[in-house]
1. My understanding is that a pair violates if its Cα-Cα distance is over 25 Å; which of Lys28/Lys204; Lys28/Lys76; Lys93/Lys204; Lys43/Lys76; Lys117/Lys204; Lys28/Lys113 do that in this structure?
2. With both partners inside region 19-123, how many of the DSSP beta bridges are antiparallel, as a percent to the nearest 5?
3. Just the number, please: Stokes-Einstein D of region 40-101 in µm²/s, Kirkwood Rh from C-alpha pairs, 37 °C, 0.692 mPa s.
4. I need the Kirkwood Rh of region 130-217: take the reciprocal of the average 1/r across all distinct C-alpha pairs and report it in angstrom.
Amino acid sequence: METLLPFTIAILLTLLHQAVSSSVFVEKGQDVRLDVQGYMTVKENLKRLNIFTWMFNTSDNVVTYIHEIETQVTRKYQGRAEFIEGNFSLLLKNLTEGDSGCYTAAVSAKRNKDVAKYQISVQERVEPPVLTVNSVSSINTTCNVTVTCRGQNTSVTSSCNSRTCSQVRGESRGAENSTVPLLSVYVAGGSIICNHSNQVSWAKDTKEIKTICVSKSGKTCTRACTHTHTQYALLTLRLYFQERDKADHNYAVTVWIRSPVIIFFVGCALIRW
């Protein structure tokens with residue numbers, strides 16, 4: 001029976017959870033717990049396997065656990081790492097960018113066997129983006145807005161209407177599973193949204209399309225209305241003096257007002273009157 005023991009251990013090692021690296025993204029300053037799937041198998045057979053370890057980047061010992069003897073956290077990780085003996089999990093605390101890397105749990109007999117593996121990426125929160133309006137135009141009653149979304153040393157310029165945005169220039173940079181921040185511009189709920197995100201955080205800046213287009217329309221109307229009000233003021237003044245002097249003699253007064261400032265105030269005064 002004893003001759004079968006090495007073979008039995010080999011089978012048990014093969015049956016242990018085959019470690020496949022899992023990507024985990026953690027916000028800087030936060031904690032993360034790394035679990036061992038199938039830890040009961042490890043626990044039941046650890047007295048034969050002898051040693052359980054958590055390693056960082058394959059060479060840096062974080063925790064060494066010798067069954068029924070001791071748990072040893074490496075000095076550089078003391079206060080920053082905690083080993084949970086009940087399920088062999090590793091709790092990492094207050095992570096920094098320097099903690100990014102591969103963490104591997106292994107059991108040891110005559111050779112090591114990985115039972116858990118995690119690729120940790122520690123990221124800072126993204127900075128709030130800034131959305132600016134470059135230009136506004138109207139084509140066939142459709143309001144088109146050109147905007148620039150800026151965030152963390154990059155920018156994206158897009159052309160938007162009430163339904164969609166299309167990128168004109170710039171780079172969105174990161175993808176959905178990337179460690180690089182992602183910039184995106186899109187339309188939702190009647191607003192243009194500039195979104196800046198990474199795997200642990202997001203921030204946005206928005207501008208309402210209706211407000212942008214009405215504001216632009218209002219400026220155009222103001223110039224047109226000022227001209228119309230000025231013409232109306234001149235006509236009103238002429239008719240007023242004609243009617244006032246008609247009883248005495250046929251008399252027409254032509255009023256010439258050259259200053260745009262005077263025209264504006266006279267027009268406004270008559271409109272209020």
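We did not get these values from a lab; they are worked out from the coordinates using the rules stated. For clarity, every value in this text was computed on a predicted model and none was experimentally measured.
1. Exceeds cut-off: Lys93/Lys204; Lys43/Lys76; Lys117/Lys204; Lys28/Lys113.
2. 85
3. 264
4. By the Kirkwood definition, the hydrodynamic radius is 13.2 Å.
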